[in-house]
1. Quick one: would you say residue 71 is within 24 Å of residue 1 (Cα to Cα), in contact with a Gly (Cβ under 9 Å, 6 or more places away or on another chain) and either assigned to a strand (DSSP E or B) or modelled with pLDDT of 95 or more (or both)?
2. Working only within region 85-111, note down all residues that are assigned to a strand (DSSP E or B) and either within 12 Å of the ligand (Cβ to nearest atom) or modelled with pLDDT under 95 (or both).
3. Of the numbered conditions (1) β-branched (Val, Ile, Thr); (2) in contact with a helix residue (DSSP H, G or I) (Cβ under 8 Å, 6 or more places away or on another chain); (3) within 12 Å of the ligand (Cβ to nearest atom), residue 70 satisfies every one except a single condition; which is it?
4. Enumerate the pairs (first residue in region 76-93 and among the basic types (Lys, Arg); second residue anywhere and part of a loop (DSSP other than H, G, I, E, B) and away from the ligand (no atom under 14 Å from the Cβ)) with beta-carbon separation below 8 Å, excluding pairs fewer than 6 apart on the same chain, so at least 6 apart or on different chains.
5. Any chance you could count how many residues in region 112-155 are within 6 Å of the ligand (Cβ to nearest atom), surrounded by fewer than 22 Cβ atoms within 10 Å (Cβ to Cβ) and either more than 15 Å from the chain's Cα centre (by Cα) or without any contact (Cβ under 8 Å) to a residue 40 or more places away in the chain (or both)?
6. Exactly one of (1) of a type outside the set (Gly, Ala, Ser); (2) out of contact with any strand residue (DSSP E or B) (no Cβ under 9 Å at 6 or more places or on another chain); (3) not in a loop (DSSP other than H, G, I, E, B) is unmet by residue 57. Its number?
Amino acid sequence: MVARVSQVAHSLSVERVDTLSDAEMADLCEATDAAIIEGGGFGWLAPQGRDALARHFRGVMLVPERELFVARLDGHVVGSAQLVRPGRNNEAQAWAAQLTHAYIAPYARGHGLARLMVRRVEERAAALGHRVLNLDVRETQTTAIALFEGLGYTRWGTHPAYARIEGRTVAGHHYFRVLEPARGRPTETLFPQDS
Ligand SMILES: CC(C)(COP(=O)(O)OP(=O)(O)OC[C@H]1O[C@@H](n2cnc3c(N)ncnc32)[C@H](O)[C@@H]1OP(=O)(O)O)[C@@H](O)C(=O)NCCC(=O)NCCS
């Protein structure tokens, strides 16, 4: 995909990865710390540094229920997101997956990468047979709220004591979006019907 901002054409891409080169990992860690410093996108509140973040991402790529997606701007990794699938013991909720830890580094925002990344995660979740994608976000993340609501996510609840940031309790919004797999009955028909 090509985005044009200020007359400069940028290439945008998102891919699922299970390995990263040293250079890609360095870019990913830099993007992550930049997003943390700016104030969001991860559970961390303080920058972690390259070694700790690299350990985190290597771990993510090893966990069977997690998939890592990286966003690239002009070939450089500038953000990521994770798709979390229910554990094998959770058959009752096997049809739902979670999108978490989605962020784009401040220096790469406004090009449409987050939108592309969310759509890629949705496509992957649907391809894996999931019918619902869940996510939650702090009420203070207004850009992310605009992103997810613009992409058709339904807010179904607000947790009043969702997070604790610098001595302040922050509420969080919970969202879901219905996914339509290529085959099978439409997901909406599987929802409880009003009697
Ligand atoms: C939210 C975030 C991922 C958006 O990244 P981005 O690549 O700049 O977003 P995009 O360029 O793809 O924009 C997609 C939509 O997001 C919303 N958006 C993006 N920037 C915005 C801004 N500055 N003000 C308001 N809405 C904005 C818009 O709805 C936009 O759609 P539009 O272009 O049709 O108006 C990024 O700001 C970020 O990482 N924020 C901190 C982390 C976070 O909140 N993560 C989500 C919680 S898990």
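The values are calculated or read from the model by the stated rules, or taken from the named source; none is laboratory data. Quick caveat: nothing in here was measured; it's all calculated off a predicted structure. Virtual Cβ from ideal backbone geometry, glycine too; neighbours counted across all protein chains shown.
1. Working: within 24 Å of residue 1 (Cα to Cα): yes; in contact with a Gly (Cβ under 9 Å, 6 or more places away or on another chain): yes; either assigned to a strand (DSSP E or B) or modelled with pLDDT of 95 or more (or both): yes.
It is true that residue 71 is within 24 Å of residue 1 (Cα to Cα), in contact with a Gly (Cβ under 9 Å, 6 or more places away or on another chain) and either assigned to a strand (DSSP E or B) or modelled with pLDDT of 95 or more (or both).
2. Filtering region 85-111 down to residues assigned to a strand (DSSP E or B) leaves 96-104.
Within region 85-111, 98, 99, 100, 101, 102, 103, 104 meet the criteria.
3. (3)
4. 85/65; 85/128; 85/130
5. Initial filter on region 112-155 (within 6 Å of the ligand (Cβ to nearest atom)): 112-115, 137, 141, 143-144, 146-147, 150.
Checking the rest, the ones that are also surrounded by fewer than 22 Cβ atoms within 10 Å (Cβ to Cβ) come to 112, 115, 141, 143-144, 146-147, 150.
Those left that are additionally either more than 15 Å from the chain's Cα centre (by Cα) or without any contact (Cβ under 8 Å) to a residue 40 or more places away in the chain (or both): 115, 143, 146-147, 150.
Number satisfying all stated conditions: 5.
6. Condition not satisfied by residue 57: (2).
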